[in-house]
Amino acid sequence: MHGQSLEEARAAQFTTPPPRKVRCPIVDMHTHMTEPGTNHELVDAARLYGITRILAIAPLDDGLELARRYPGEIAVAARALLPQADSAEPIEDRAVHIVRRAHAHGVRIIKFWFAPRIRDRLDFLLDSSRLDPVFDAIAECGLGVLVHVSDPDRWFERRYDPARYGTKADQYPMLEARLRRHPTVPFLAAHMGGDPEHLDHLAALLTRYPNLYLDTSATKWIVRELGRQREAAREFFRRWAERLCFGTDQVVLKESDPARYTVRYWVHQMFWETDLVCPSPIDDPDSDGEPVLRGLDLPEDVLEQVYYKNAERVFRIAARSAAQITSRPAGASPPHEFAEAMRIREDPGPSSGGASGIRS
Ligand SMILES: [Zn+2]
């Protein structure tokens, strides 16, 4: 069952999504935005696809401005480590201030980027003691962390010199050290923890660290690597449904290109919710031959966890604003969903943030 063929979708520029398999709010836990003024096309696409809340990774002030522009729709993941050439204050000290200010503004997640290429920018890694005060502040404020470590196997084969960037296995001890040191902080590891190729490794990490969660972002990579091991991926999602959060890694560009956003939401919907098999409409230079979308057709209860329940329960990102809740037609949503959304909404703190800023 898939509801729409690629040809039909393409003819409409991906602006006529088929009905959802589950009727629930959806949080996109991983997007990047630039200047607050240029982001409407991603928001339009999200509305069209029933994404009720977008977590935008951004420098704090840009994020807060975006959240003001899209109240109830955008939440912020504030970037903690921002290089600033004209500042005498060490980057980690500035990060502590960002964490405290983010918390004061109701932001719930702090973003760190420790992909292999961080070695070109910083002289320390995620487990450096220089970051201890930053993570202590995060723990004290009760915030969550979104962190990118590692990259596709293909990139280690084709792009990275191990002498400079380490092997893929070398990327994980720094994450594990942080997970061990801060057991009360939930960590959302981006892009299926950087290792969708090796679900056994991810299962071992999830077993060892109860504070570890994974997001599903990086459309091409996830579709390629999970689609090629469909059965194992389905089983993984069933087993770990409470530890996985939907995210896309949509990146807002300055140039207008509405189909860029709609096609990615279409691919995600078809991949998670249907068993459609078709050529993927997104180019993938790392694919062997033409990229193929092979839908996982996840069960409804798994979709609900991944789409919003974990975002709300673990990271306190409300899936819907009060306006969205009250504007629903009477009886459109089961009472327990209402209760859950209301409980989150009553959690003190201003709107849960906003975002913008270059990708990190
Ligand atoms: Zn990203």
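No lab work stands behind these numbers, since they all come straight from the coordinates. Model, not experiment: these values are computed from the prediction. With ideal geometry, Cβ positions are generated from the backbone for all residues, glycine too; neighbour counts draw on all protein chains shown.
Once C-alpha pairs closer than 8 Å and six or more residues apart are averaged by separation and normalised to the residue number of the chain, the relative contact order reads 29 percent.
Computed over segment 39-117, relative contact order equals 26 percent, with contacts defined as Cα pairs under 8 Å that lie 6+ residues apart.
The convex hull of the Cα atoms of the chain, projected and averaged over all directions, covers 17.3 nm². Sorted on the mean count of surrounding Cβ atoms within 10 Å across their residues, most packed first, peptides 255-262, 196-203 read 196-203, 255-262. Its Kirkwood hydrodynamic radius, worked out from the mean inverse distance over all distinct Cα pairs, puts segment 232-285 at 13.3 Å. Label zone of V314 (point 7 Å out along Cα→Cβ, amide N under 15 Å): in segment 147-168 this covers 147-149.
Along segment 261-269 the Karplus relation, 6.51 cos²θ - 1.76 cosθ + 1.60 evaluated at θ = phi - 60°, assigns HN-Hα couplings of 8, 5, 5, 5, 5, 4, 4, 4, 4 Hz to successive residues, with x for each Gly and Pro. Label-to-label distance for Q84 and D257 is 3.1 nm, based on points extended 7 Å past Cα in the beta-carbon direction. What distance in nm separates the simple spin-label points at R228 and D170, each placed 7 Å from Cα in the Cβ direction? It works out to 2.4 nm between the two label points. The HN-Hα couplings worked out from phi for segment 131-146 by the Karplus form 6.51 cos²θ - 1.76 cosθ + 1.60 (θ = phi - 60°) are 8, 4, x, 5, 6, 5, 5, 4, 5, 4, 7, x, 8, x, 10, 10 Hz, whole numbers, x standing for Gly and Pro.
If the segment from R47 to A204 were pulled out straight at 0.36 nm per residue, it would be longer than the present Cα-Cα gap by 52.9 nm.
Roughly what % of DSSP beta bridges within the chain run antiparallel, to the nearest 5?
Values: 3 of 31 bridges.
If we restrict to bridges inside the chain, about 10 percent are antiparallel.
Distances between placed amide hydrogens fall under 5 Å for A77 paired with A56, I57, A58, all partners being 5 or more residues away or on another chain.
Using helices alone, what [θ] at 222 nm do you get for the chain, with -39,500 (n - 2.57) per DSSP H run of 4 or more residues, divided over all residues and rounded to the nearest 500? Working shown, then result.
Details: 17 runs with 146 residues, N = 360.
For the chain, the value works out to -11000 deg cm²/dmol.
In the P(r) worked out for segment 223-316, what percent of Cα pairs fall beyond 20 Å? Everything past 20 Å amounts to 42 percent.
Just name one of P59, V149, G193: the one whose Cα is farthest towards the positive end of the charge dipole of the chain (beta-carbon charges, Lys/Arg +1, Asp/Glu -1). Final value for the positive-end residue is P59.
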